[in-house]
Every structure is written in structure tokens, then in C-alpha cells.
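So the structure is just underneath, and the comments pick up after that.
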């Protein structure tokens, strides 16, 4: 039988995502009640600008005092979609202390202080759910945390930022330069006025920290994630990628080391073969490729951002948390029992695609090959082409076999010092093989 007293929900933030959460709670109220076993009631909405008209929301619910809202004591669930570190962190911990569970979409906060938030939730016997923090509508956190709880995840490789994927896809499909593709993404609303968090990889790095922590049962913070943006990717890089049968994506990569005793987490642009499932992810879509012992290879794909898709993930968590509330139980908390070492980027084993501008004369290739050999890096392929404009220079493209990133970085530094190397035009890692 359905309980008649409603579960009360406090909404922190009513922007693009928050307004969609409120709308779905209203329009799907009967379905949500049937799925939960009790009605849910929007009991208050904390905002910064109360004068703004919010269609479909009772003005009496609007407040600027978020602290008072989460302290009310009759709130069952707090939905936090304001983002940022503060005041979100304080509001979430206050909500736990005053008897509410929390649903959050705050990837930056979870990547920085996830362990402390989980500890606060556990101390107060409350839930902390955050499916919407990583890939919008794509179910990913729950499969990793619950469906694969009996498996051993070895690698998580994914496109977790729709803005960057749109830009790179546009560069690939039209031959546009980076700035031209960014301008189009901005005009269409995919990129913010300040796109730094997306194009420099900060957004993806926060998501990588969350994914790595869940996948490997190890605490991984944002500072543990190697990050490299995509602003230096050029049309020439895409031309080289096509010659190799590849494309370029900004990837979040979390993986176990070969000995299983450590993990790494990184975000950077990389060439991937066109045969890899991630290569076909177009536009602003996200996709995450998971490799595990028993399940093998799994791929999760869908819209990774936007008001309605993200709200869908928030509402999924809300239903789960409300069900737990009714049964007097809590869902899975932090699982960090493995406590694996998080290794630096230099320990990562990968491949490089290096494009050099060199003097067009005999012996140059031998000098370059010697530098690679001295650093213990084996060369897979070499392509040399004279410049059409003359000038005594040539283009030399080297693709390596797998080696430690530290050895590859050392190789590039040594190449820069050669008199015959006029410049290093491009450096890119090769993944997905």
C-alpha cells in the first residue's frame, strides 16, 4: 500500500538542471509516487535571484536562505544542483546532520571532497547519490557501483565532455580549425562563454577521479588526475590521424597497472583507431568503455549534458533514495577498501605520435632514431616528407611502440635539443589499440 504522507524534497539551485528537476517532479508526480511507494513533494527551492520568474514553480517555495531550508528537519531529501565547492559542501554536510539524504550532480565537489562527504553521510546513516555528476543521462555510476560489484574492473576509457567532443568532431568532419569549431559550439549553446573548464580538461578530470574511485575501490582525488587540454589540437593533427586510420578524442582514461597494485587516472587528447567504438561517438554525445575480467567489454552511450538528460539522472537517484528512506535502509556508500596506489603519469605505458620539423638532409633520421634508442623507446613507423615550399626542411612523423610516458617525455625533450630538429610540431598519445 502507498504511504499517504509525502516525502519532502528541498531543491538547491533552479537553473537549467534544477528547473527540469522541478518540472519532472510536477508533471510525473503520479508515476514517481507509484514507483517510490509514496508521493514526493517539492518543499522548497533555494535560489540566488528570487525575482526571476520560474514557470511551474509556486513562488511561495522560493527562498534565498539555503541553510535554513536544509536545516528544517522535515526534509527527507536534498537535491543539490548549484555546483562549485562552497556553499555546496557546507549545505550538503548540514543536510546530513539535520536528517536528510542527498542527491548531487556536483562533480567538482565530489572529485575534491568525495571521501569527506561519504564519511558525513555514513556518520548520519544517510544516502549520498550522484549519478548525474559524471555523464548526464547515461547510467554509469550505478552499474559500476552495483551491477559490476562482483567483477574486477581493469579499465575505464571514455568521452565524458560533450562540448569537447562536439568541437573535435566538427574539426574531424569539416576540416575546421579549433577556434572556428569552438565558435560554432558557443553559438549553438554547447560551449560556455568561458569554455576553460571544458577545453582544458578540468570537467573531464573531475569525472575521471569519480570514475576511478568507484571502479577501483580506491580514493582518487582531482589532484591525482593528470590533465591536458585540447586547445593545441590542429587540423594537421587530424590529417595525420586519418593517415593512420584514426580520429582524435579528448579521453578520460582510468586503468590498473599491469601488476594490479596501482592505478592511474588521466585526461588528454588522443588518437584512437576508427575501428574503436568510441571513434564513432559524434556531436555532443558521451560514451564510456568499461573493461572488466568477467563482463569483458561494456559501452555506455548517450547525451552527457543538458537540462533534461541530467535531470533524468537526478530523478533516478531521487527515486532510489526515497525508496531507501521508506524502508529505513541506505544504499551503497564509499568503497575504498582496496586503497591502491595512484601512480603518476610518468608510469603510464602508452604510445606516441610525434611530428617533427627537421632539416632535409642525410643523416637526420639516424640521429632521431638514436635518441629514441637511448631512451629505451622502440619506433613502430616513420614517415618523412619534404616540404613543398622548399626551405631545406622536411616533416618527420614517428609513431612509437608502447613505453612509459616518462621515457617518451624524455625522448621528446632530447629531440628538441638536436640541431637538426627545427621544432616539435605535434605530440599526441595513441590509445584504444
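Applying the criterion of being free of Cβ contacts under 8 Å to residues at least 24 places away in the same chain and assigned to a helix (DSSP H, G or I) to the residues of region 194-216, the residue that is nearest to residue 256 (Cα to Cα) is 197. Is there a residue being surrounded by fewer than 24 Cβ atoms within 10 Å (Cβ to Cβ) and at pLDDT 95 or above anywhere in region 204-214? No, there is no match, as no residue in region 204-214 is surrounded by fewer than 24 Cβ atoms within 10 Å (Cβ to Cβ) and at pLDDT 95 or above. Does region 156-167 contain any residue that is more than 24 Å from residue 342 (Cβ to Cβ), at pLDDT below 95, touching a strand residue (DSSP E or B) at 6+ places or on another chain (Cβ under 9 Å) and part of a helix (DSSP H, G or I)? Scanning region 156-167 turns up at least one residue that is more than 24 Å from residue 342 (Cβ to Cβ), at pLDDT below 95, touching a strand residue (DSSP E or B) at 6+ places or on another chain (Cβ under 9 Å) and part of a helix (DSSP H, G or I). Scanning region 385-392 for residues that are modelled with pLDDT of 95 or more, in contact with a strand residue (DSSP E or B) (Cβ under 6 Å, 6 or more places away or on another chain) and either surrounded by 15 or more Cβ atoms within 10 Å (Cβ to Cβ) or assigned to a loop (DSSP other than H, G, I, E, B) (or both) turns up nothing.
Here are 311, 236, 241, 265: which of them is touching a residue at least 24 places away in the same chain (Cβ under 8 Å), outside any loop (DSSP other than H, G, I, E, B) and surrounded by fewer than 19 Cβ atoms within 10 Å (Cβ to Cβ)? Only one candidate qualifies: 236.
Is region 83-98 home to any residue that is assigned by TED's automatic domain parsing to the domain that holds residue 121, free of Cβ contacts under 8 Å to residues at least 24 places away in the same chain and assigned to a strand (DSSP E or B)? Even if it seems obvious, please write down each step before you answer.
As a first pass, look at region 83-98 and keep what is assigned by TED's automatic domain parsing to the domain that holds residue 121: 83-98.
Next, from what is left, pick out any that are free of Cβ contacts under 8 Å to residues at least 24 places away in the same chain: 86-87, 90.
In the following step, the residues that additionally are assigned to a strand (DSSP E or B) were identified as none.
Within region 83-98, not a single residue is assigned by TED's automatic domain parsing to the domain that holds residue 121, free of Cβ contacts under 8 Å to residues at least 24 places away in the same chain and assigned to a strand (DSSP E or B).
A single member of 339, 359 is in contact (Cβ under 8 Å) with a residue 60 or more places away in the chain and either farther than 30 Å from residue 153 by Cβ or over 27 Å from the mean Cα position of the chain (by Cα) (or both), and it is 359. Residue count for region 268-283 under the criterion of being under 18 Å from residue 198 (Cβ atoms) and either assigned by TED's automatic domain parsing to the domain that holds residue 400 or surrounded by fewer than 15 Cβ atoms within 10 Å (Cβ to Cβ) (or both): the result is 2.
Would you confirm, using the coordinates I've provided, whether residue 73 is at positive phi, outside any helix (DSSP H, G or I) and touching a residue at least 40 places away in the same chain (Cβ under 8 Å)? So residue 73 fails the test.
The values are calculated or read from the model by the stated rules, or taken from the named source; none is laboratory data. The model shown is predicted, which means the values in this text are computed figures rather than measured ones. Note: ideal-geometry Cβ built from the backbone for every residue, glycine included; neighbour counts use all protein chains shown.
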